[in-house]
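The values are calculated or read from the model by the stated rules, or taken from the named source; none is laboratory data. Quick caveat, the model's predicted, so the values are computed rather than measured. Glycine also receives a Cβ, built like all others from the backbone with ideal geometry; neighbour counts cover every protein chain displayed.
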Amino acid sequence: MLADLTAGAVEDAEARAQQRSRAEVERAALAQAPARDALADLAPADRVKIIAEVKRASPSRGDLADIPDPALQASLYEQGGASAISVLTEGRRFKGSLADLEAVRSRVSLPVLRKDFIATPYQVLEARASGADLVLLIVAALEQPLLAQLHDLVLELGMTPLVETHSAEELDRAADIGARLIGVNARDLSTFELDRDLFGRLADRFPADAVKIAESAVLRPADVRHYRDAGADVVLVGEALVTGDPIATLRSFLEVSP
(Lines give C-alpha, C1' and ligand atoms only; values in the text may rest on other atoms or scores of the structure.)
Protein backbone atom coordinates (compact mmCIF):
# COMPACT_ATOMS: atom_id res chain seq x y z
CA MET A 1 0.00 0.00 0.00
CA LEU A 2 2.83 2.44 0.79
CA ALA A 3 4.30 1.89 -2.66
CA ASP A 4 0.89 2.57 -4.24
CA LEU A 5 0.38 5.73 -2.18
CA THR A 6 3.82 7.01 -3.10
CA ALA A 7 3.39 6.19 -6.78
CA GLY A 8 0.03 7.97 -6.83
CA ALA A 9 1.46 11.06 -5.13
CA VAL A 10 4.34 11.19 -7.61
CA GLU A 11 1.96 10.77 -10.54
CA ASP A 12 -0.18 13.65 -9.27
CA ALA A 13 2.94 15.81 -8.82
CA GLU A 14 4.01 15.04 -12.37
CA ALA A 15 0.59 16.18 -13.58
CA ARG A 16 0.98 19.44 -11.66
CA ALA A 17 4.43 19.87 -13.18
CA GLN A 18 2.80 19.93 -16.62
CA GLN A 19 0.90 23.02 -15.50
CA ARG A 20 3.65 24.61 -13.41
CA SER A 21 7.26 23.94 -14.34
CA ARG A 22 9.96 23.07 -11.86
CA ALA A 23 11.69 26.37 -12.62
CA GLU A 24 8.51 28.28 -11.80
CA VAL A 25 7.98 26.37 -8.57
CA GLU A 26 11.61 26.88 -7.60
CA ARG A 27 11.28 30.64 -8.12
CA ALA A 28 8.18 30.65 -5.91
CA ALA A 29 9.96 28.59 -3.26
CA LEU A 30 12.95 30.95 -3.16
CA ALA A 31 10.61 33.98 -2.97
CA GLN A 32 8.95 32.73 0.22
CA ALA A 33 9.73 34.30 3.56
CA PRO A 34 12.24 32.21 5.54
CA ALA A 35 10.83 29.02 7.01
CA ARG A 36 10.17 28.91 10.74
CA ASP A 37 12.67 27.13 12.94
CA ALA A 38 10.68 23.98 13.66
CA LEU A 39 13.54 22.33 15.53
CA ALA A 40 13.45 25.14 18.08
CA ASP A 41 9.66 24.95 18.43
CA LEU A 42 9.72 21.16 18.86
CA ALA A 43 12.83 20.93 21.04
CA PRO A 44 12.56 18.74 24.15
CA ALA A 45 10.91 20.50 27.08
CA ASP A 46 9.54 19.81 30.55
CA ARG A 47 6.22 18.83 29.02
CA VAL A 48 5.22 16.94 25.91
CA LYS A 49 4.59 18.91 22.72
CA ILE A 50 1.91 18.20 20.12
CA ILE A 51 1.93 18.33 16.32
CA ALA A 52 -1.76 18.67 15.47
CA GLU A 53 -2.92 17.32 12.13
CA VAL A 54 -5.48 18.58 9.63
CA LYS A 55 -6.77 15.31 8.22
CA ARG A 56 -10.05 14.57 6.44
CA ALA A 57 -9.61 10.88 5.70
CA SER A 58 -7.15 7.99 5.64
CA PRO A 59 -6.89 4.64 3.85
CA SER A 60 -7.20 2.76 7.14
CA ARG A 61 -10.16 4.68 8.59
CA GLY A 62 -11.93 6.13 5.57
CA ASP A 63 -13.66 9.50 5.99
CA LEU A 64 -12.91 11.07 9.36
CA ALA A 65 -14.23 14.62 9.22
CA ASP A 66 -15.63 17.23 6.89
CA ILE A 67 -13.16 20.11 7.15
CA PRO A 68 -14.40 22.86 4.81
CA ASP A 69 -12.02 25.40 6.35
CA PRO A 70 -8.63 23.86 7.17
CA ALA A 71 -7.30 27.25 8.23
CA LEU A 72 -9.99 27.53 10.90
CA GLN A 73 -9.17 24.00 12.10
CA ALA A 74 -5.50 24.92 12.36
CA SER A 75 -6.29 28.13 14.24
CA LEU A 76 -8.19 26.07 16.82
CA TYR A 77 -5.12 23.89 17.20
CA GLU A 78 -3.00 26.98 17.79
CA GLN A 79 -5.47 28.18 20.43
CA GLY A 80 -5.35 24.76 22.05
CA GLY A 81 -1.59 24.87 22.51
CA ALA A 82 -0.18 22.86 19.60
CA SER A 83 3.49 23.44 18.80
CA ALA A 84 3.17 22.75 15.05
CA ILE A 85 0.51 21.93 12.47
CA SER A 86 0.60 18.95 10.11
CA VAL A 87 -1.39 19.24 6.89
CA LEU A 88 -2.19 16.19 4.75
CA THR A 89 -1.75 17.28 1.14
CA GLU A 90 -2.29 13.88 -0.53
CA GLY A 91 -5.53 14.00 -2.49
CA ARG A 92 -6.44 10.45 -3.50
CA ARG A 93 -6.88 8.76 -0.14
CA PHE A 94 -6.50 11.57 2.40
CA LYS A 95 -8.56 14.20 0.51
CA GLY A 96 -5.96 16.93 1.10
CA SER A 97 -4.26 19.45 -1.16
CA LEU A 98 -1.55 22.07 -1.35
CA ALA A 99 -4.37 24.62 -1.17
CA ASP A 100 -5.08 23.32 2.35
CA LEU A 101 -1.43 23.89 3.26
CA GLU A 102 -1.45 27.41 1.86
CA ALA A 103 -4.66 28.25 3.72
CA VAL A 104 -3.24 26.98 7.00
CA ARG A 105 0.05 28.83 6.46
CA SER A 106 -1.85 32.09 5.98
CA ARG A 107 -3.72 31.71 9.28
CA VAL A 108 -1.29 30.41 11.91
CA SER A 109 2.10 31.46 13.23
CA LEU A 110 3.20 27.91 14.10
CA PRO A 111 5.51 25.78 11.93
CA VAL A 112 3.55 23.89 9.28
CA LEU A 113 4.41 20.39 8.06
CA ARG A 114 3.63 19.14 4.57
CA LYS A 115 2.60 15.55 5.19
CA ASP A 116 2.51 13.61 1.95
CA PHE A 117 4.31 10.82 0.14
CA ILE A 118 7.34 12.78 -0.98
CA ALA A 119 9.67 11.08 -3.44
CA THR A 120 10.82 13.80 -5.86
CA PRO A 121 12.62 17.15 -5.61
CA TYR A 122 9.63 18.79 -7.30
CA GLN A 123 7.41 17.88 -4.33
CA VAL A 124 9.94 19.37 -1.91
CA LEU A 125 10.02 22.60 -3.91
CA GLU A 126 6.21 22.65 -3.94
CA ALA A 127 6.22 22.39 -0.17
CA ARG A 128 8.42 25.48 0.24
CA ALA A 129 6.52 27.36 -2.47
CA SER A 130 3.31 26.72 -0.51
CA GLY A 131 4.84 27.95 2.73
CA ALA A 132 5.76 24.70 4.47
CA ASP A 133 8.34 24.80 7.24
CA LEU A 134 8.70 21.03 7.52
CA VAL A 135 8.52 18.18 5.03
CA LEU A 136 7.76 14.54 5.84
CA LEU A 137 10.17 11.96 4.42
CA ILE A 138 9.16 8.32 4.91
CA VAL A 139 12.20 6.07 5.06
CA ALA A 140 10.27 2.97 3.98
CA ALA A 141 9.26 4.69 0.73
CA LEU A 142 12.75 5.83 -0.30
CA GLU A 143 16.03 4.20 -1.21
CA GLN A 144 18.89 5.58 0.87
CA PRO A 145 20.51 7.77 -1.83
CA LEU A 146 17.15 9.40 -2.64
CA LEU A 147 16.34 9.81 1.05
CA ALA A 148 19.66 11.60 1.57
CA GLN A 149 19.14 13.76 -1.54
CA LEU A 150 15.67 14.89 -0.47
CA HIS A 151 16.80 15.42 3.12
CA ASP A 152 19.59 17.70 1.90
CA LEU A 153 17.24 19.62 -0.41
CA VAL A 154 14.77 20.25 2.42
CA LEU A 155 17.62 21.68 4.48
CA GLU A 156 18.96 23.75 1.57
CA LEU A 157 15.55 25.40 1.27
CA GLY A 158 15.62 26.30 4.95
CA MET A 159 13.00 23.79 6.03
CA THR A 160 13.22 20.95 8.53
CA PRO A 161 12.86 17.30 7.44
CA LEU A 162 10.70 15.09 9.63
CA VAL A 163 12.08 11.62 8.90
CA GLU A 164 9.52 8.91 9.63
CA THR A 165 10.58 5.37 10.57
CA HIS A 166 8.88 2.07 11.38
CA SER A 167 11.76 -0.18 12.46
CA ALA A 168 15.22 -0.26 14.02
CA GLU A 169 16.83 -0.52 10.58
CA GLU A 170 14.90 2.51 9.33
CA LEU A 171 15.78 4.51 12.42
CA ASP A 172 19.44 3.73 11.81
CA ARG A 173 19.04 4.91 8.22
CA ALA A 174 17.57 8.18 9.49
CA ALA A 175 20.52 8.60 11.83
CA ASP A 176 22.96 7.90 8.98
CA ILE A 177 21.74 10.95 7.03
CA GLY A 178 21.97 13.18 10.09
CA ALA A 179 18.24 13.53 10.74
CA ARG A 180 17.49 15.71 13.76
CA LEU A 181 13.71 15.31 13.78
CA ILE A 182 12.77 11.63 13.73
CA GLY A 183 9.35 10.03 14.07
CA VAL A 184 8.33 6.48 14.80
CA ASN A 185 4.92 5.69 13.32
CA ALA A 186 2.96 3.07 15.22
CA ARG A 187 1.03 2.36 12.02
CA ASP A 188 2.73 0.13 9.47
CA LEU A 189 1.93 1.85 6.17
CA SER A 190 2.17 -1.42 4.28
CA THR A 191 -0.35 -3.35 6.40
CA PHE A 192 -1.96 -0.49 8.40
CA GLU A 193 -1.54 -2.55 11.56
CA LEU A 194 -0.86 -0.62 14.78
CA ASP A 195 1.89 -1.33 17.28
CA ARG A 196 1.66 1.27 20.03
CA ASP A 197 4.72 -0.15 21.80
CA LEU A 198 7.01 0.23 18.79
CA PHE A 199 8.16 3.69 19.83
CA GLY A 200 9.22 2.47 23.26
CA ARG A 201 11.23 -0.39 21.78
CA LEU A 202 13.10 2.00 19.49
CA ALA A 203 13.51 5.00 21.80
CA ASP A 204 17.06 4.06 22.83
CA ARG A 205 18.21 3.97 19.18
CA PHE A 206 17.53 7.66 18.53
CA PRO A 207 20.63 9.81 18.04
CA ALA A 208 21.40 11.82 21.17
CA ASP A 209 20.68 15.14 19.43
CA ALA A 210 17.43 14.08 17.76
CA VAL A 211 13.92 15.16 18.71
CA LYS A 212 11.86 12.02 19.37
CA ILE A 213 8.39 12.02 17.84
CA ALA A 214 5.71 9.38 18.39
CA GLU A 215 3.07 9.12 15.66
CA SER A 216 -0.36 7.42 15.49
CA ALA A 217 -2.55 5.53 17.97
CA VAL A 218 -3.35 8.58 20.08
CA LEU A 219 -7.00 8.86 21.06
CA ARG A 220 -6.93 9.83 24.75
CA PRO A 221 -4.61 11.40 27.33
CA ALA A 222 -3.47 7.95 28.48
CA ASP A 223 -2.02 7.36 25.00
CA VAL A 224 0.00 10.56 25.25
CA ARG A 225 1.17 9.47 28.70
CA HIS A 226 2.20 6.09 27.23
CA TYR A 227 4.43 7.77 24.66
CA ARG A 228 5.78 10.37 27.07
CA ASP A 229 6.75 7.67 29.55
CA ALA A 230 8.58 5.88 26.73
CA GLY A 231 10.64 8.98 25.99
CA ALA A 232 8.71 10.95 23.37
CA ASP A 233 9.43 14.67 23.16
CA VAL A 234 6.58 15.25 20.71
CA VAL A 235 3.39 13.38 19.81
CA LEU A 236 1.68 13.76 16.44
CA VAL A 237 -2.12 13.59 16.71
CA GLY A 238 -4.70 13.58 13.93
CA GLU A 239 -7.89 11.55 14.26
CA ALA A 240 -8.66 12.48 17.87
CA LEU A 241 -8.53 16.18 17.00
CA VAL A 242 -10.68 16.13 13.88
CA THR A 243 -13.38 13.91 15.38
CA GLY A 244 -13.83 15.81 18.66
CA ASP A 245 -13.44 19.26 20.21
CA PRO A 246 -9.93 20.17 19.08
CA ILE A 247 -9.18 22.77 21.75
CA ALA A 248 -10.46 20.71 24.68
CA THR A 249 -8.80 17.56 23.37
CA LEU A 250 -5.46 19.27 22.88
CA ARG A 251 -5.53 20.81 26.32
CA SER A 252 -6.32 17.44 27.91
CA PHE A 253 -3.35 15.93 26.06
CA LEU A 254 -1.04 18.73 27.12
CA GLU A 255 -2.07 18.39 30.76
CA VAL A 256 -0.31 15.04 30.87
CA SER A 257 2.26 15.44 33.63
CA PRO A 258 5.98 15.32 32.79
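Touching a helix residue (DSSP H, G or I) at 6+ places or on another chain (Cβ under 9 Å), in a strand (DSSP E or B) and at pLDDT 95 or above: does that describe E26?
Considered against the rule, which asks whether it is touching a helix residue (DSSP H, G or I) at 6+ places or on another chain (Cβ under 9 Å), in a strand (DSSP E or B) and at pLDDT 95 or above, E26 comes out as no.
Considering only residues that are surrounded by fewer than 13 Cβ atoms within 10 Å (Cβ to Cβ), among the small types (G, A, S) and in a helix (DSSP H, G or I), which ones fall in the stretch 1-23?
The answer is A3, A15, A23.
How about the stretch 47-57: which of its residues are small (G, A, S) and touching a residue at least 60 places away in the same chain (Cβ under 8 Å)?
The answer is A52, and nothing else.
What is the residue count in the stretch 32-46 for residues that are touching a residue at least 60 places away in the same chain (Cβ under 8 Å) and either farther than 21 Å from L162 by Cα or part of a helix (DSSP H, G or I) (or both)?
Residues in the stretch 32-46 being touching a residue at least 60 places away in the same chain (Cβ under 8 Å) and either farther than 21 Å from L162 by Cα or part of a helix (DSSP H, G or I) (or both): 4 in total.
What tally of residues in the stretch 228-258 results from selecting those that are outside any helix (DSSP H, G or I), of a type in the set (D, E, K, R) and in contact (Cβ under 8 Å) with a residue 12 or more places away in the chain?
2
I'm trying to understand the selection: among the residues of the stretch 157-197, which are among the hydrophobic types (A, V, I, L, M, F, W, C), under 19 Å from R225 (Cα atoms) and either surrounded by fewer than 23 Cβ atoms within 10 Å (Cβ to Cβ) or over 18 Å from the mean Cα position of the chain (by Cα) (or both)?
Answer for the stretch 157-197, where residues must be among the hydrophobic types (A, V, I, L, M, F, W, C), under 19 Å from R225 (Cα atoms) and either surrounded by fewer than 23 Cβ atoms within 10 Å (Cβ to Cβ) or over 18 Å from the mean Cα position of the chain (by Cα) (or both): A186, L194.
Every residue in the stretch 40-74 that is of a type in the set (S, T, N, Q) and more than 21 Å from A99 (Cα to Cα), please.
Passing the criteria: only S60.
Which residue, of I50, I67, is surrounded by 20 or more Cβ atoms within 10 Å (Cβ to Cβ) and not in a helix (DSSP H, G or I)?
I50
Hey, can you tell me all the residues within the stretch 34-52 that are of a type outside the set (K, R) and either at pLDDT below 95 or farther than 13 Å from E78 by Cβ (or both)?
P34, A35, D37, A38, L39, A40, L42, A43, P44, A45, D46, V48
Under 6 Å between Cβ atoms, which residue pairs at least 6 apart in sequence (or on different chains) link something in the stretch 201-225 that is closer than 29 Å to T243 by Cα with a partner that is of a type in the set (D, E)?
What qualifies is V211/D233; K212/D233.
Tell me, which residue of the stretch 68-114 that is free of Cβ contacts under 8 Å to residues at least 40 places away in the same chain and among the acidic types (D, E) is farthest from A38 (Cα to Cα)?
D69
Checking V135 against (1) crowded, with 21+ Cβ neighbours inside 10 Å; (2) touching an Asp or Glu at 6+ places or on another chain (Cβ under 8 Å), which test does it fail?
Going through the list (1) crowded, with 21+ Cβ neighbours inside 10 Å; (2) touching an Asp or Glu at 6+ places or on another chain (Cβ under 8 Å), V135 breaks only (2).
Would you please name the residue that is surrounded by the most Cβ atoms within 10 Å (Cβ to Cβ), looking only at residues in the stretch 202-232 that are under 18 Å from Y77 (Cβ atoms) and within 19 Å of the chain's Cα centre (by Cα)?
A214
Among the residues of the stretch 77-93, count how many are surrounded by 24 or more Cβ atoms within 10 Å (Cβ to Cβ) and not in a helix (DSSP H, G or I).
Looking only at that region, the number is 7.
For L110, all conditions in the list (1) at pLDDT 95 or above; (2) under 28 Å from L2 (Cα atoms); (3) touching a Ser or Thr at 6+ places or on another chain (Cβ under 9 Å) hold save one; what is the number of the exception?
With respect to (1) at pLDDT 95 or above; (2) under 28 Å from L2 (Cα atoms); (3) touching a Ser or Thr at 6+ places or on another chain (Cβ under 9 Å), L110 is out only on (2).
Can you find even one residue in the stretch 110-121 that is in a helix (DSSP H, G or I) and either more than 20 Å from V218 (Cβ to Cβ) or under 14 Å from the mean Cα position of the chain (by Cα) (or both)?
Scanning the stretch 110-121 turns up at least one residue that is in a helix (DSSP H, G or I) and either more than 20 Å from V218 (Cβ to Cβ) or under 14 Å from the mean Cα position of the chain (by Cα) (or both).
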